[in-house]
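Novice: Starting off with a structure, shown below.
Rule-based calculations on the coordinates, nothing more; no lab input. What you are looking at is a predicted structure, and each value in this text was computed from that prediction instead of being measured. As a convention, Cβ positions derive from the backbone with ideal geometry for all residues, glycine included, and neighbour counts pool all protein chains shown.
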């Protein structure tokens with residue numbers, strides 16, 4: 001949704017993160033509908049941009065059959081992150097314009113996805129901190145990619161994640177990924193404890209799964225203060 005904002009105030013940058021099985025797509029849709037109902041101007045985009053030339057190395061990295069780099073889990077987090085950083089750097093010029101012309105920019109995955117999924121390759125917290133600080137310096141300082149005002153990490157316990165993914169597709173197709181998903185979840189939760197602009201929104205409370213609408217209200221409470229009266 002386009003529209004020139006009055007004044008020089010930049011829009012807010014909100015990113016939705018989380019492993020599979022946390023309801024990210026549903027929450028993105030609810031959030032966008034809420035922005036529309038509140039009369040706020042916004043832009044939405046999803047990463048990575050697989051169909052763009054800037055994702056050339058990402059597509060090669062993720063090609064299980066023909067990747068020249070070998071299995072993606074065996075590619076180090078620093079090298080793999082460069083592939084994604086290049087795509088975000090290419091997109092950053094458009095994001096900056098959107099922030100100038102809109103109240104909100106909403107992203108489905110961003111730098112935080114590397115913190116979650118590449119950070120999952122590092123078991124030691126000190127190594128994970130070293131990697132994350134390197135990544136943030138690369139993107140926000142060297143490449144001048146816009147830094148999110150808030151990374152909203154949607155989370156569910158692993159038993160809920162496993163059940164949802166099993167219901168979504170044949171369980172055999174996902175079983176090999178559960179170990180990575182667990183480690184990525186732990187890396188996201190670690191980021192929320194160590195960086196102020198990462199916040200966890202859980203889909204479960206007192207062993208009860210919350211409805212999508214209940215989760216959305218929690219997301220809205222986190223963001224509404226940044227969007228003015």
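Novice: What Kirkwood hydrodynamic radius, in Å, does the chain give when the mean of 1/r is taken over all pairs of distinct Cα atoms and then inverted?
Specialist: Its Kirkwood hydrodynamic radius stands at 18.4 Å.
Novice: What order, most packed first, do the peptides 79-86, 105-112 have when packing is the mean number of other Cβ atoms within 10 Å of each residue? Could you put the intermediate results ahead of the total?
Specialist: Details: 79-86: 19.5, 105-112: 23.5.
So the order, starting with the most tightly packed, is 105-112, 79-86.
Novice: Does a label point 7 Å from the Cα of residue 33, set along Cα-to-beta-carbon, have any residues of the range 201-217 with amide nitrogen under 14 Å, and which are they?
Specialist: Taking a point 7 Å out along Cα→Cβ of residue 33, the residues of the range 201-217 whose backbone N falls under 14 Å are 211-217.
Novice: Here's something else I'd like to know. Please tell me the relative contact order of the range 12-227 in percent, rounded to the nearest whole number, where contacts are Cα pairs under 8 Å and at least six residues apart.
Specialist: Values: 280 pairs, mean separation 68.9, N = 216.
Taking the mean separation of contacting Cα pairs over the length of the range 12-227, I get 32 percent.
Novice: Each label point is 7 Å from the Cα along the Cα-to-Cβ direction; what then is the distance between the points at residue 213 and residue 93, in nm?
Specialist: Going from the residue 213 label point to the residue 93 one covers 4.5 nm.
Novice: Moving on. Ignoring everything except DSSP H segments at least 4 long, calculate the 222 nm mean residue ellipticity for the chain; use -39,500 (n - 2.57) per segment, divide by total residues, nearest 500. Before the final figure, lay out each step's value.
Specialist: Details: 9 runs with 110 residues, N = 229.
Only helices count here, giving -15000 deg cm²/dmol.
Novice: Still on this model: Where in the range 126-157 is the amide nitrogen less than 19 Å from a point lying 7 Å along the Cα-to-Cβ axis of residue 222?
Specialist: Output list for this probe position: 147-157.
Novice: Can you give me the Cα centroid spacing of the range 67-111 and the range 201-223 in angstrom?
Specialist: That distance is 27 Å.
Novice: Right, next: Which of 70, 119, 18 ends up with the largest GNM mean-square fluctuation for the chain, with Cα atoms connected below 10 Å?
Specialist: Of 70, 119, 18, the most mobile in the Gaussian network model is 70.
Novice: I've got another one for you. Quick one: length gained pulling residue 134 to residue 74 fully straight, 0.36 nm per residue minus the C-alpha distance?
Specialist: On the way: separation 60, 0.36 × 60 = 21.60 nm, distance 1.97 nm.
Result for the pair: 19.6 nm of gain on full extension.
Novice: With springs only between Cα atoms under 10 Å apart, run a GNM on the chain and tell me which of 98, 190, 134 wobbles the most.
Specialist: With Cα springs under 10 Å in the chain, the top fluctuation among 98, 190, 134 is at 134.
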